[in-house]
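Presented below is the structure to which this report refers.
A short reminder: the numbers here are calculations on the coordinates, not readings from a lab. Predicted model, so just to flag it, every value in this text is computed and none were measured. Counting neighbours? That spans all protein chains shown, and the Cβs are built from the backbone with ideal geometry, glycine included.
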Amino acid sequence: MKKLFEEYPIISDNNILLKKVTIDDLDHINKLKNNEEVYKYVPTFVPEMQNNTDFFIKNTCDELFDNKIEIILGIYYKKEFCGLFEIYHYDKDKNQVTIGFRINKEFWNKGISSKSISLVIDYLFNKTNIKTICASTMVINKSSERCLEKNNFLKYKEHILEDWGYDKMVLVNKWILNKED
C-alpha cells in the first residue's frame, strides 16, 4: 500500500487518463481557465487561477505535491486534455482527502467526470492508505452532485454558507465516501 504522496499517480481505463499536467497542456488549460461556465461552480482560489498557466504547470503543481498539500492531475479523454482533478486537504491522521474536478464544457455530458471520480476512488482506496474521501459542491451545481451520487458519495451537510472567494458567500453541500473495510 502506497502513501498518498509517494509518487505522482497515473490512473486510467480505456478512454480516460489522469496524470500530471505538462507544458504541452498549456493552451488547453488556458482554454479551461477562460471558460466562465466551468468556473462559476469553482472556488476562485483554485491553484490554476492564482498565477499564469506556465507558472502553474512548471512550479505550482510540483510545489503542492512536494509539500504534500495537493495532487493536481490533468483529465484526458481519448488522449485529449479535457479538465483538471484535485486531491487535496490530506489528513494523514484520518487517512482522508478531499477531491475536486472541472471539465471543459465541450466535454460535458459524456460521463467523464463520473468515470474520473470512479477511477480516483479506486486508486485512493485500493492503492493508498486513504479511507475517507470528501467533496463540496455548490448547491446549484446539480451535475457535479449527480456525479458524486453515481459514485456512492453521501450528502452529510446541506446548504452550508462558505466563502469561495466570490462577492457573497455561497451555498454548499458536503459529501463523503468511506472505504468499506
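Any idea which residue in region 60-119 is farthest from T132 (Cα to Cα), counting only those that are in a strand (DSSP E or B) and polar (S, T, N, Q)? Break it down stepwise before answering.
If we filter region 60-119 for residues that are in a strand (DSSP E or B), which is where we start, we get 70-77, 80-91, 96-103.
Among the residues that remain, those that are also polar (S, T, N, Q) are: 96, 98.
Values: Q96: 5, T98: 8 Å.
The extreme case among them is T98.
Taking into account only those residues within region 132-147 that are within 21 Å of T44 (Cα to Cα) and assigned to a helix (DSSP H, G or I), which is farthest from the chain's Cα centre (by Cα)? Before the answer, list the steps.
Narrowing region 132-147 to residues within 21 Å of T44 (Cα to Cα): 134-145.
Next, from what is left, pick out any that are assigned to a helix (DSSP H, G or I): 142-145.
Working: K142: 16, S143: 14, S144: 11, E145: 13 Å.
Result: K142.
Name, by its number, the condition in (1) surrounded by 15 or more Cβ atoms within 10 Å (Cβ to Cβ); (2) closer than 27 Å to I29 by Cα; (3) of a type in the set (D, E, K, R) that does not hold for R146.
(1)
Of all residues in region 153-181, how many are surrounded by 13 or more Cβ atoms within 10 Å (Cβ to Cβ) and either closer than 25 Å to I130 by Cα or among the polar types (S, T, N, Q) (or both)?
Matching residues across region 153-181 total 10.
With respect to N129, determine if the residue is surrounded by 12 or more Cβ atoms within 10 Å (Cβ to Cβ) and more than 18 Å from the chain's Cα centre (by Cα).
yes
Pick from Y41, Y8, Y76: which is crowded, with 20+ Cβ neighbours inside 10 Å and among the aromatic types (F, W, Y)?
Y76
Looking only at residues in region 49-65 that are free of Cβ contacts under 8 Å to residues at least 60 places away in the same chain and closer than 25 Å to K92 by Cβ, which one is surrounded by the most Cβ atoms within 10 Å (Cβ to Cβ)?
C61
With G165, G83, G111, G100 as the choices, which residue is among the small types (G, A, S) and touching an Asp or Glu at 6+ places or on another chain (Cβ under 7 Å)? Lay out the reasoning, then the answer.
Values: G165 fails: touching an Asp or Glu at 6+ places or on another chain (Cβ under 7 Å); G83 fails: touching an Asp or Glu at 6+ places or on another chain (Cβ under 7 Å); G111 fails: touching an Asp or Glu at 6+ places or on another chain (Cβ under 7 Å).
Answer to the selection: G100.
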